[in-house]
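> Below is the structure I would like to discuss, written out as structure tokens.
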Amino acid sequence: MTLISTFGDGQSVCLISGDTKQVFKLFGKTIKLPDMETKIHRISDNFIAAGGGLNAVYEYVIEELVGLNSNKATEIFIRLNSLAHTIPKEFATLFKIHKEAFFTVQIIGFDLELGSMYSITYNVDDGVEMSIVPSFGIAGSLIAPKDVSKAYERLGDVNGAIRNKNDISTLIEDLINYSMHLQYELMKDYPDDVSNTYCYHVLALVNGEVMHFEGRTEL
């Protein structure tokens, strides 16, 4: 199980949150592993990433991105595209064994040179996609296993939960509360798949500088 939610206002605040549960299927059987410390990682001063599915692949990608240490969206996109071509070959045996498993990485952050917030997604089925996060509302996305259809229904419209989009501290608080409530509801729906540990990482652009706020709590 990989549960990751991502939100951003396109201008000043973006957030990635997730649980810590590790569950996968092997030859039709569900295997439970010890919870992870976190699924969210700082890959540079201005970008954060989260994801999972196949730990060996995910950790490899994160190591590559941390090593790249880029604050440019296009450089991250190009590196992910390069990895997308080599990973299926390098990890062919792993993908063959875990046919029912999936793998995905979600990245969000600020490219200060281009003056935009970017979202970059990579998974083995759809490849690498990059987009500018729009600034006319709060954009939200969710990563969850294909068999957890309620997860996408639960996402809803985050904009109705925002009290003041122009106040950064209030916006951060509202996004954390919204994503936390989303995980809590999914934990009740899928107690065997979603952990009660909620982790988050926020990036806030304040006076031209990207600030980081991280935390975790038990739901």
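> Look through region 3-60, keep the residues that are assigned to a loop (DSSP other than H, G, I, E, B), among the hydroxyl-bearing types (S, T, Y) and over 15 Å from M117 (Cβ atoms), and return whichever of them is modelled with the highest pLDDT.
So in region 3-60, the residues assigned to a loop (DSSP other than H, G, I, E, B) come out as 3, 9-12, 19-21, 27-28, 34-39, 43-46, 53-54.
Filter once more, keeping what is among the hydroxyl-bearing types (S, T, Y): 12, 20, 38, 44.
Among the residues that remain, those that are also over 15 Å from M117 (Cβ atoms) are: 20, 38.
Working: T20: 69, T38: 77.
Going through the qualifying residues, I end up with T38.
> Given the options L205, L114, name the one that is open to solvent by 50 Å² or more (accessible area, probe 1.4 Å), more than 17 Å from the chain's Cα centre (by Cα) and of a type in the set (A, V, I, L, M, F, W, C). Steps first, answer last, please.
On the way: L205 fails: open to solvent by 50 Å² or more (accessible area, probe 1.4 Å).
The conditions single out L114.
> Specify which of the listed residues (Y178, Y198, Y152, Y184) is of a type in the set (S, T, Y), open to solvent by 50 Å² or more (accessible area, probe 1.4 Å) and modelled with pLDDT of 85 or more. Full working, then the answer.
Working: Y178 fails: open to solvent by 50 Å² or more (accessible area, probe 1.4 Å); Y198 fails: open to solvent by 50 Å² or more (accessible area, probe 1.4 Å); Y152 fails: modelled with pLDDT of 85 or more.
Among Y178, Y198, Y152, Y184, only Y184 is of a type in the set (S, T, Y), open to solvent by 50 Å² or more (accessible area, probe 1.4 Å) and modelled with pLDDT of 85 or more.
> Right, next: Which condition number in (1) modelled with pLDDT under 85; (2) touching a Leu at 6+ places or on another chain (Cβ under 8 Å) is the one that T93 fails?
(2)
> Now a separate question. Looking at P134 and the list (1) closer than 20 Å to H212 by Cα; (2) touching a residue at least 60 places away in the same chain (Cβ under 8 Å), which single condition is not satisfied?
Going through the list (1) closer than 20 Å to H212 by Cα; (2) touching a residue at least 60 places away in the same chain (Cβ under 8 Å), P134 breaks only (1).
> OK, next. Six or more apart or on different chains, Cβ atoms under 7 Å: show the pairs whose first residue is in region 189-215 and part of a loop (DSSP other than H, G, I, E, B) and whose second is of a type in the set (V, I, T).
Y190/V148; D193/V23; D193/V148; S195/T20
To keep it simple, each residue is scored yes or no on (1) in contact with a Cys (Cβ under 8 Å, 6 or more places away or on another chain); (2) small (G, A, S); (3) closer than 24 Å to E214 by Cα.
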{"site": "R42", "(1), (2), (3)": "no, no, yes"}
{"site": "Y58", "(1), (2), (3)": "no, no, yes"}
{"site": "T86", "(1), (2), (3)": "no, no, no"}
{"site": "G109", "(1), (2), (3)": "yes, yes, yes"}
{"site": "Y122", "(1), (2), (3)": "no, no, yes"}
{"site": "E129", "(1), (2), (3)": "no, no, no"}
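> Looking at region 62-91, which of the residues that are of a type in the set (S, T, N, Q) and not in a helix (DSSP H, G or I) is surrounded by the most Cβ atoms within 10 Å (Cβ to Cβ)? Give the steps one after another, and end with the answer.
The first filter runs over region 62-91 and keeps only residues of a type in the set (S, T, N, Q), leaving 69-71, 74, 81-82, 86.
Those left that are additionally not in a helix (DSSP H, G or I): 69-71.
Values: N69: 11, S70: 20, N71: 17.
Within region 62-91, the match that is surrounded by the most Cβ atoms within 10 Å (Cβ to Cβ) is S70.
Yes/no matrix, rows are residues, columns are (1) at pLDDT 95 or above; (2) aliphatic (A, V, I, L, M); (3) farther than 21 Å from L205 by Cβ:
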{"residue": "A84", "(1), (2), (3)": "no, yes, yes"}
{"residue": "K89", "(1), (2), (3)": "no, no, yes"}
{"residue": "I97", "(1), (2), (3)": "no, yes, yes"}
{"residue": "I107", "(1), (2), (3)": "yes, yes, no"}
{"residue": "S119", "(1), (2), (3)": "yes, no, no"}
{"residue": "Y122", "(1), (2), (3)": "no, no, yes"}
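The values are calculated or read from the model by the stated rules, or taken from the named source; none is laboratory data. A quick note: this is a predicted structure, and the numbers were derived from the prediction, not measured. Ideal geometry is used to build each Cβ from the backbone, glycine not excepted, and the neighbour counts take in all protein chains shown. The area values use the complete protein model at the heavy-atom level, side chains included, leaving out ligands, DNA and RNA. Shrake-Rupley method; radii C 1.70, N 1.55, O 1.52, S 1.80 Å.
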